[in-house]
Amino acid sequence: MIYFDNAATSFPKAPTVANAMTRFLAEDAANPGRAGHRMAVRAEEMVDGVRLKLSRLVNAQAHERMIFTLNCTDALNMGLKGLLTVKHDAADVPHVITTVLEHNSVSRPLQSMADDGVIQLTRVACDEDGFVSADVIEAAIKPNTKLVVMTHGSNVLGTIQDITAIGQLVRDRGLLFFVDGAQTIGVLPIDIQAMNIDMLAIPGHKSLLGPTGIGALYVGPRCPDPQLDKFTPWREGGTGGDSATPTQPPLWPYYLEGGTPNTVGIAGLDAAIDYVLENDMTKTLAHEQKMVQTLIDRFKNDERFTFYGTLDASKRVGTICLNIQGYEPSDVGTILDDSFEIAVRPGLHCAPYAHKQAGTFPNGSVRISPGAFNTDEELEQLIDALDQIAG
Ligand SMILES: Cc1ncc(COP(=O)(O)O)c(C=O)c1O
């Protein structure tokens, strides 16, 4: 199988990940922080070490505010609902700005909260090339705007958003900035402090090359404090240390980390981060962008093919969507799988508003997403297969 579906989850994983997980499972897999015995202490040390490593990777101020989650969806829900479902007067409904580029893990929770009258919601458009400008965000700000939430990289158009400029605007206007790092963490540097990010959602299983089942949410110091009862815990339960308080103890990270964490996943993420740091993520991004540019250049003047978003791959992560004249995207996906053993992702990619804006709703397009380990030969096989299918 030739795998070009890395925007969904990377494959293969970093070569060190499986061994790290097996070793932890065989030797140290006690419940961290739940008992004083030496295995529990070792597990706790490992978890805290990875918390620190991940915080350093994104230049986060306080590593105890890096919360382990199941995936990026879990992190996004935890942040959005934590921040927005606190009690407020009916006259004080907060306004939230988001974009058409968002994944359903942002759009769906926001839309449910808007439908329930918990928030007011504005969804701003991107331009023809697939970029949301700071000016468009600025024009949407109202007196009751509290939060801007957006993706760093589109999982449909692949476009890298200017979160540095938008973060500066959001900070200047005294709002909170929540960034979905799903498509960029591991290939693009993210600096929470320089980019004025207040909350960051991270998956471990995409370009960080870690296992599924582990992600993180960073909740920065400008976000309301649980001590003041202004951040709602997404799940409540055992936190290990403090069993006496009747509700969730207001201490980072335990306030948001009820339940036994995925320590095996965290051990895998540990090895994955080391690998990503040792292998220079700018080179990985350049490798993926080169593949996308080769694909664009091969077919951009061919009327059988349509691409969506900018044709300049240096403004993208390694993701490109296309359609072939006369074919449903799902048929292209099936033919690539059945006849060529090539994995891609057809459809709406959990981002219906991006497809509406691109004019590809409801059938979507074929997403091709090269990753760190794809080779030029694999790309040539894909190009040849697409050419054959297009006839
Ligand atoms: C932009 C974006 N945000 C959020 C998610 C959700 O990530 P996860 O699958 O880790 O929950 C994805 C997944 O593809 C994504 O592409």
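Each value in this text was obtained by applying a stated rule to the coordinates, not by laboratory testing. Just so it is clear, the model here is predicted, and its values are computed rather than measured. Cβ atoms come from the backbone with ideal geometry, glycine included; neighbour counts cover every protein chain shown.
Brief remarks on what is shown
- Pairs of Cα atoms farther than 34 Å apart, the chain, %: 30
- Rounded if a/c under 1.5, otherwise prolate or oblate - the stretch 1-95, Cα gyration tensor axes: oblate
- Rounded to 5, the percent of DSSP beta bridges in the chain classed as antiparallel: 50
- A Förster radius of 25 Å, combined with the Cβ-Cβ distance separating H88 from T164, puts the computed FRET efficiency at roughly 0.20.
- Burial order of peptide ranges 350-363, 195-208 (average beta-carbon count within 10 Å, highest first): 195-208, 350-363
- The loop-placed GluC sites (Glu not before Pro) in the stretch 237-346, going by DSSP, that have at most 10 neighbouring Cβ atoms within 10 Å of their Cβ come out as E303.
- Look at the Cα gyration tensor of the stretch 150-245: its axes a ≥ b ≥ c give a/c of at least 1.5 with a/b at or below b/c, and that counts as oblate.
- Axis angle, to the nearest 10 degrees, between helix 38-57 and the longest C-alpha principal axis of the chain: 50 degrees.
- Additional length obtainable on full extension of the chain from S243 to M1, 0.36 nm per residue less Cα span: 82.2 nm
- Placed amide H near D5: partners under 5 Å, 5+ positions off or other chain: S369
- Three-way shape call for the stretch 259-307 based on the alpha-carbon gyration tensor, with the a/c threshold at 1.5: oblate
- Residue-span extension gain [Q111 to D331] - 0.36 nm each, minus C-alpha spacing: 76.1 nm
- Those residues of the stretch 1-29 whose amide nitrogen sits under 18 Å from the label point placed on N104, 7 Å along Cα→Cβ: 7-9
- Charged neighbours of A8, selected by a Cβ distance under 12 Å, balance to +2 (K, R count +1; D, E count -1).
- Estimated FRET transfer efficiency when R0 is 30 angstrom, pair T260-R56 (beta carbons, to 0.05): 0.75
- Hypothetical label at K290: residues of the stretch 304-318 whose amide nitrogen lies under 18 Å (7 Å Cα-Cβ projection): 312-318
- Spatial offset of the stretch 143-220 relative to the stretch 79-116 amounts to 16 Å, using the alpha carbon center of each.
- 0 to 90° range, to nearest 10: angle between helix 163-172 axis and the chain longest Cα axis: 40
- Alpha-carbon centroid distance for the pair the stretch 12-42 / the stretch 259-294, whole angstrom: 19
- Listed by chain and number, the lysines whose alpha-carbon sits under 26 Å from that of K142, ignoring those within fewer than 8 places in the same chain, are K81, K87, K230, K356.
- Label zone at D302, where the point sits 7 Å out along the Cα-to-Cβ direction: the stretch 327-345 residues whose backbone N lies under 18 Å: 327-337, 339-345
- Using the Cβ of E64 as centre and a radius below 11 Å, the other residues enclosed give a net charge of 0, where K and R count +1 and D and E count -1.
- Degrees between helix 281-299 axis and first principal axis of the chain (Cα, 0 to 90, nearest 10): 30
- Extension reserve of the R235-Q381 stretch, reckoned as 0.36 nm per residue once the Cα distance is removed: 47.9 nm
- Applying the Karplus relation 6.51 cos²θ - 1.76 cosθ + 1.60 with θ = phi - 60° to the stretch 326-340 yields 3J(HN,Hα) values of x, 10, 6, x, 5, 5, 4, x, 5, 5, 4, 6, 5, 9, 10 Hz, where x marks Gly and Pro.
- Most to least packed among 105-118, 169-182 [average Cβ atoms within 10 Å]: 169-182, 105-118
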